[in-house]
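No value in this document is a laboratory result; all are computed from the given coordinates. Here the structure is a predicted model, which is why all the values come from computation and not from measurement.
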């Protein structure tokens, strides 16, 4: 009886430890991508990435983020300009005066064409 009670208490302690670790983000609930922290910083800087899912250069720009692409999309940094694309925001693209894809808007300045991660880092002050 005492052994059974000790095992139950141990299981409860281990389960509580895992629960606490997840709540405190010590163990991620999702696998993180290599540029997630960089994307969080880009978002904090106010950077916006206007693109077109059917545009070769936009797709190339997206590919730079690898497994962090989902974070780029979830963060609100990426704005889809093609009316047939996923979750299009064509009015935002028009209001921003976007003419070429991809275009990054950082500190009110447009950076048209593919931007390397080093360039994005230097313009925003974000470490990648």
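Overview of results
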read-out	value
Segment residue 118-residue 99, extension gain: residue separation times 0.36 nm, minus the distance between their alpha carbons	4.5 nm
Taking the convex hull of Cα positions in region 36-124, its mean projected area over all directions (nm²)	5.0
